[in-house]
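Values quoted throughout were computed directly from the atomic coordinates according to the rules given, and no laboratory measurement underlies them. Since the structure is predicted, the reported quantities are computational estimates derived from the model, not experimental observations. Using ideal geometry, Cβ is built from the backbone for each residue, glycine included, and neighbour counts are taken over all protein chains shown.
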Amino acid sequence: MSLMQRLIGAALRPRVKSKAKGKTFERLAEQLVASRDYLMPRVLAAKDTPGNREVINHWLGIERWSLSNAQSWEDPPTPRSYRPFRLPEGATLAELQNGFAGAREASIASAREFARSGVNPEAVVTHKDLGPLTLLEWFQYIDDHSRREVIRLRR
């Protein structure tokens, strides 16, 4: 792990843990809906620039990677890169916008399904930079990531 990754992990881990404290899967699903409703108009209004395509692909990759990790809670994978979860280089803005929208809907549906199924919210899956996170913390991380980085998206 690089020094930068260690620094990011050291800064974000307490933030994610603190924000997830006392929440339920249902509450996190509601939070994901609220952030979807905040983010999607911005994603859809983004100019078609290399920078905006990169930002949306980054968010999409992180969201899909995070959800994959959370859904693997019964047999957690070894920590791995998010890069395979991005769309291929050269993806169009429309493909990226649709991909992010779909990834967010999948995250919302998964949080709701975890709540309905009685999945243990304290089950732990290791994040490659933040270390061990509970499933609730993973959903908080999903929500927090794109909210934190919304400033990177240019209209």
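With only Lys, Arg, Asp and Glu charged, each at its Cβ (+1 for the first two, -1 for the last two), find how big the charge dipole of the chain is about the Cα centre; round to the nearest 20 debye.
560
List, in order, the whole-Hz ³J(HN,Hα) value for each residue of the stretch 42-49 obtained from phi through the Karplus relation with A = 6.51, B = -1.76, C = 1.60 and θ = phi - 60°; use x for Gly and Pro.
6, 4, 6, 8, 5, 5, 7, 10
Loop-only GluC sites (Glu not before Pro) in the stretch 77-155, please: DSSP not H, G, I, E or B, and at most 16 other Cβ atoms within 10 Å.
E89, E122
Distance cut-off 25 Å, Cα to Cα: go down the list K47/K128; K19/K128; K23/K128 and report the pairs above it.
Correct reply: K47/K128.
For a quick check of your reading of the filter: which trypsin sites (Lys or Arg not before Pro) in the stretch 22-78 sit in a DSSP loop and have no more than 14 other Cβ atoms within 10 Å?
Here the trypsin sites (Lys or Arg not before Pro) that fit, given the DSSP loop and packing criteria, are K47.
Among R13, R6, rank each residue by its count of other Cβ atoms within 10 Å, from fewest to most, as a rough exposure measure.
R6, R13
Local charge sum around T49 (other residues, Cβ-Cβ under 11 Å, Lys/Arg +1, Asp/Glu -1)?
Net local charge, T49 excluded: +2.
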